[in-house]
Amino acid sequence: MDAQGSIRMARGFSLVVYGQNLNNEVFGFYQGSSQYMIQREYYQPTVAAGIRWSPVRER
């Protein structure tokens, strides 16, 4: 499960927050059925936040 959100602030700035793999699920590919595993990858949950700026002409 992934989630992302942002809040627009003044002068073209936005506060951005996101999380990836929040439920700590294993990522994998199968050939036909789950007993024929092709690839399996393990990732930890990731959370990040930042500030984004977009040049905006304000009047």
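The values are calculated or read from the model by the stated rules, or taken from the named source; none is laboratory data. Not measured: the values here are computed from a predicted model. A quick note on method: Cβ atoms are made from the backbone with ideal geometry, for glycine too, and the neighbour counts reach across all protein chains shown.
General observations
- Count - residues of segment 15-32 that are hydroxyl-bearing (S, T, Y) and either outside any strand (DSSP E or B) or at positive phi (or both): 0
- Among the residues of segment 6-27, those that are over 20 Å from the mean Cα position of the chain (by Cα) and surrounded by fewer than 12 Cβ atoms within 10 Å (Cβ to Cβ) comprise A10, R11.
- Near pairs, Cβ below 7 angstrom, 6+ apart or cross-chain, from segment 5-19 (within 20 Å of V47 (Cβ to Cβ)) to any residue that is among the charged types (D, E, K, R): S14/R8; S14/R52; V16/R52; G19/D2
- Positions within segment 1-16 being aliphatic (A, V, I, L, M) and under 21 Å from V56 (Cβ atoms), in sequence order: I7, M9, A10, L15, V16
- Y30 modelled with pLDDT of 95 or more, aromatic (F, W, Y) and surrounded by 10 or more Cβ atoms within 10 Å (Cβ to Cβ): no
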